[in-house]
1. List every residue pair whose Cβ atoms sit under 8 Å apart, with the two residues 6 or more apart in sequence or on different chains, where the first one lies in segment 77-100 and is over 11 Å from residue 190 (Cβ atoms) and without any contact (Cβ under 8 Å) to a residue 24 or more places away in the chain and the second, anywhere, is among the small types (Gly, Ala, Ser) and part of a helix (DSSP H, G or I).
2. Does segment 59-100 hold any residues that are within 23 Å of residue 129 (Cβ to Cβ) and of a type in the set (A, V, I, L, M, F, W, C), and which are they?
3. Kindly indicate whether any position in segment 120-130 is touching a residue at least 12 places away in the same chain (Cβ under 8 Å), closer than 20 Å to residue 167 by Cβ, part of a helix (DSSP H, G or I) and acidic (Asp, Glu).
4. Residues in segment 64-108 that are among the charged types (D, E, K, R), more than 16 Å from residue 139 (Cβ to Cβ) and at pLDDT below 90: how many?
5. Modelled with pLDDT of 95 or more, surrounded by fewer than 16 Cβ atoms within 10 Å (Cβ to Cβ), assigned to a helix (DSSP H, G or I) and hydrophobic (A, V, I, L, M, F, W, C): is that true of residue 174 in this structure?
6. Is it the case that segment 141-148 has a residue that's closer than 30 Å to residue 76 by Cα, among the basic types (Lys, Arg) and surrounded by 15 or more Cβ atoms within 10 Å (Cβ to Cβ)?
7. Return yes or no: is residue 125 among the aliphatic types (A, V, I, L, M), touching an Asp or Glu at 6+ places or on another chain (Cβ under 6 Å) and over 14 Å from residue 190 (Cβ atoms)?
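The values are calculated or read from the model by the stated rules, or taken from the named source; none is laboratory data. None of these values were measured; they are calculated from a predicted model. Counting neighbours? That spans all protein chains shown, and the Cβs are built from the backbone with ideal geometry, glycine included.
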Amino acid sequence: MRWLSAPRARVAASVTCKATGTLAALAMIVVGCTSVTDGDAAVAEGEAPLYRASVSASIEESAASSSARESERQEALTTEAIQNSCEAMSSSSADAIGAVNTYVDAFNAANPVDVRRTAGPAVDALNLSADLVAGTISDPLSPDLRDALNRWVESARAVATAIAGNYGAEEFNAAITQLNDSKTTALDRCDAAYR
């Protein structure tokens, strides 16, 4: 038989003590959990209806509370969607209309250099507004508001195409009329959604 050196003997003793301690703790838990209580397993006749009524009331209250929280969550999502879409529409459409008006002024002045200089910024502002507004359209919005915003997006792209394609005055003016009408409708729907 070979003797363990002092450090090895201490490690072996420590492991043995820890294992023995763990087993002792487990035995105490098992013994402590096996106690038996006296009593009858039958339901008290008078208490069962009260218990059922209490459980039923608790379930109803929980369902009502859950429904109210979901309703509040949906309302908050709708409010946020309206604010995002309408703010995007309001600010970007104003910038786009301003850029288009600058282009129209240059066109009406019959200054080809200014027409070319202002066409790009007008096209860019219209496309930016269309992209921005399209990116905010979502399901929580009402169908009327979604349709109005989509009409703005389509009209802004149509005017951008007309400017970039150097369309004639009649086609350009028809596109501008649609743009102005769609802007008015979309902003009116936004105002109504805030009320």
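1. Pairs that qualify, where the first residue is over 11 Å from residue 190 (Cβ atoms) and without any contact (Cβ under 8 Å) to a residue 24 or more places away in the chain and the partner is among the small types (Gly, Ala, Ser) and part of a helix (DSSP H, G or I): there are none.
2. The answer is 81, 82, 86, 88, 89, 94, 96, 97, 99, 100.
3. yes
4. At the first step, the residues of segment 64-108 found to be among the charged types (D, E, K, R) are 69-70, 72-73, 75, 80, 87, 95, 105.
Next, from what is left, pick out any that are more than 16 Å from residue 139 (Cβ to Cβ): 69, 72, 87, 95, 105.
Filter once more, so that each one left must be at pLDDT below 90: 69, 72.
Final tally of qualifying residues: 2.
5. On the way: modelled with pLDDT of 95 or more: yes; surrounded by fewer than 16 Cβ atoms within 10 Å (Cβ to Cβ): yes; assigned to a helix (DSSP H, G or I): yes; hydrophobic (A, V, I, L, M, F, W, C): yes.
Yes: the conditions hold for residue 174.
6. Let us first name the residues in segment 141-148 that are closer than 30 Å to residue 76 by Cα, namely 141-148.
After this cut, where a residue has to be among the basic types (Lys, Arg) as well, the list is 146.
Next, only the ones that are surrounded by 15 or more Cβ atoms within 10 Å (Cβ to Cβ) stay: 146.
Yes, some residue in segment 141-148 is closer than 30 Å to residue 76 by Cα, among the basic types (Lys, Arg) and surrounded by 15 or more Cβ atoms within 10 Å (Cβ to Cβ).
7. On the way: among the aliphatic types (A, V, I, L, M): yes; touching an Asp or Glu at 6+ places or on another chain (Cβ under 6 Å): yes; over 14 Å from residue 190 (Cβ atoms): yes.
Spelling it out, residue 125 is indeed among the aliphatic types (A, V, I, L, M), touching an Asp or Glu at 6+ places or on another chain (Cβ under 6 Å) and over 14 Å from residue 190 (Cβ atoms).
Here's the yes/no breakdown for (1) more than 19 Å from residue 94 (Cβ to Cβ); (2) among the aromatic types (Phe, Trp, Tyr); (3) touching a residue at least 40 places away in the same chain (Cβ under 8 Å):
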position	(1), (2), (3)
136	no, no, yes
168	yes, no, no
174	yes, no, no
181	no, no, no
191	no, no, no
